[in-house]
Amino acid sequence: MDTIIHKIIGLSKPEDTKDLCQFLSGQIARFKQIKEEDMFTYLAQLTPEDHCVGYIYMLEGLARGAELNNLRAFGGLANNLLLRGPPSLIIQEKKRVYKIATQFAEVCRMETPMAGIFPLEIAIAKITRSSPNLLTPLHKDHILLCILAKCYDTAYKSTMVPKYELEPRTKGMSIQDYLLYYYYSGVVCCVLKKFKDALFYLQTVLTAPSDGAVSQIQVEAFKKYTLVSLLEFSEVKQMPKQSMASNTLSKFRNTVGPAYSSLKKGNIKSEGLKKAIIAGKRYFEEDDNWGLAKQVLAAETTKAIKNLTKTYSSLSFADIAELTGLKDEKEAEDKLAYMIEDGEIKATISAKDKIVIFVQDEPGKEQKLAVQLKDKIQEAFYLSAKIKELNIKIQSNIAFIKRKRTQKARNELNPTTFGRGHSGSHPVDEQLRQAIERSRYEQ
């Protein structure tokens, strides 16, 4: 093993990176068999700054999942790599870095979630520095640690960077990474009461392409989607028709149980919905959704008060209680104070006179909305250009064209389609050449 360490140190110059990777590729199985304490001793002779590639290969050999015993020591080494490793080499070996970082996140989850947030942020920044809209396996770990550490604002800031690109499966990305990132993002927005954003993230989970099977992540997302949709729209919004088959949506409703499926046709003003929520309290609590369910119960009163702000400039607590069905003046005052604190209405309370004075929208709000709309339009243009660029790359990809031609040839040989005028065709190679020429012309 000392020979390997000397080899790593000797080949850690930039011009020797290729030779070092070839050498270390043959040592992977050996690294996984060496005892933990010995690996820690050997790694102590290396640094992420000077021997990053060797450090990554050896640390990957320690990322043994449940078999890892010294969690704290591994966490310290992984922390050093993520913070101090050169970005170019982190990107070069990012598939291995993802495995190490995932184990690091698991260690932090069990030990101190807060400790893993900053190192993962730095690692994500290094990997996505040339593609800031890239979604990686690290994003879901970062959001989860933020949730566990109750750093919701930090998580929300991360989710606000649009994700237009996905790390390919060959680099370690999985459908589970994709679903969990958007599910956790939805959870963060629920906590921060940013329900429109939450609906977007949860809907992204529910409309993810699948072969008809329903993931447990999607089931949990549908439970939250049902409650958040009721909060935001007073009804359970349907999925976009073009993105999901109706039978798949039915599977969600059949899987989540009666406590949620009974809400699909409810109106937030109906007594039936309130009874259904109270009756399903035990199930909502088991799913950690009782907080959302209680907000659904309170939503009717909240919306009633919001409607009053459009009609009246001021009202007494007694009038508020009478018009919204609250128990008494004290409950009306508490409800108003809660809504003002949360920013749901703009008003001032006079406890002495027992009245509330509603404040009109601040000047310049329309201009702010216009700026926001302009930003959204620019984002849409950027996304459209990105999709067009990806489409051109796919259409001119030789492997894609060959697969398409092969599929066409199979269809022509199918007994059900054979003999239907498929004559005079060119050889496959000639068709491939013509397709590539056409795609180049389109560019």
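Here are the numbers for the structure shown:
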| quantity | calculated |
| --- | --- |
| Scan of the stretch 90-125 for residues that are aliphatic (A, V, I, L, M), under 20 Å from the mean Cα position of the chain (by Cα) and surrounded by fewer than 16 Cβ atoms within 10 Å (Cβ to Cβ), ordered by number | Met114, Ala125 |
| Meets criteria (free of Cβ contacts under 8 Å to residues at least 40 places away in the same chain, in contact with a Phe, Trp or Tyr (Cβ under 8 Å, 6 or more places away or on another chain) and either exposed (fewer than 15 other Cβ atoms within 10 Å of the Cβ) or not polar (S, T, N, Q) (or both)) for Lys354 | yes |
| Index of the failed condition, Lys196 passing every other in (1) within 12 Å of the chain's Cα centre (by Cα); (2) part of a helix (DSSP H, G or I); (3) of a type outside the set (Gly, Ala, Ser) | (1) |
| Filter pass, Asp328 being among the charged types (D, E, K, R) and loosely packed, with under 13 Cβ neighbours inside 10 Å | yes |
| Selection status of Val161, among the β-branched types (Val, Ile, Thr), open to solvent by less than 10 Å² (accessible area, probe 1.4 Å) and modelled with pLDDT of 85 or more | no |
| Some residue of the stretch 264-277 being at pLDDT below 85, under 28 Å from the mean Cα position of the chain (by Cα) and surrounded by fewer than 15 Cβ atoms within 10 Å (Cβ to Cβ) | yes |
| Residues of the stretch 126-152 classified as surrounded by 23 or more Cβ atoms within 10 Å (Cβ to Cβ) and among the aromatic types (Phe, Trp, Tyr), total | 0 |
| Elements of type helices (runs of 4 or more DSSP H) contained in the stretch 18-89, each with 3 or more residues being small (Gly, Ala, Ser) and either within 27 Å of the chain's Cα centre (by Cα) or surrounded by 13 or more Cβ atoms within 10 Å (Cβ to Cβ) (or both) | 71-84 |
| Set Phe252, Phe222: member being surrounded by 14 or more Cβ atoms within 10 Å (Cβ to Cβ), within 20 Å of Phe195 (Cβ to Cβ) and modelled with pLDDT under 80 | Phe252 |
| Test: Asp328 is free of Cβ contacts under 8 Å to residues at least 40 places away in the same chain and not aliphatic (A, V, I, L, M) | yes |
| Residue satisfying all of: in the stretch 299-320; among the small types (Gly, Ala, Ser) and part of a helix (DSSP H, G or I); modelled with the highest pLDDT among these | Ala318 |
| Flag for Ala337 being of a type in the set (A, V, I, L, M, F, W, C), modelled with pLDDT of 85 or more and surrounded by fewer than 12 Cβ atoms within 10 Å (Cβ to Cβ) | no |
| So Leu308, is it open to solvent by less than 80 Å² (accessible area, probe 1.4 Å) and closer than 11 Å to Phe358 by Cα | yes |
| Options Thr159, Thr128; residue that is β-branched (Val, Ile, Thr), in contact with a strand residue (DSSP E or B) (Cβ under 9 Å, 6 or more places away or on another chain) and within 25 Å of Asp375 (Cα to Cα) | Thr128 |
| Looking only at the stretch 168-203, and only at residues there that are among the basic types (Lys, Arg) and more than 21 Å from Val228 (Cα to Cα), the one that is most open to solvent (accessible area, probe 1.4 Å) | Arg169 |
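The values are calculated or read from the model by the stated rules, or taken from the named source; none is laboratory data. Bear in mind the structure is a predicted one, so any value in this text is a computation, not a measurement. Positions of Cβ are generated from backbone atoms using ideal geometry, with glycine treated the same way; all protein chains shown enter the neighbour counts. The protein model used for the area step is the full one, side chains on, heavy atoms only, and it has no ligands, DNA or RNA in it. Shrake-Rupley method; radii C 1.70, N 1.55, O 1.52, S 1.80 Å.
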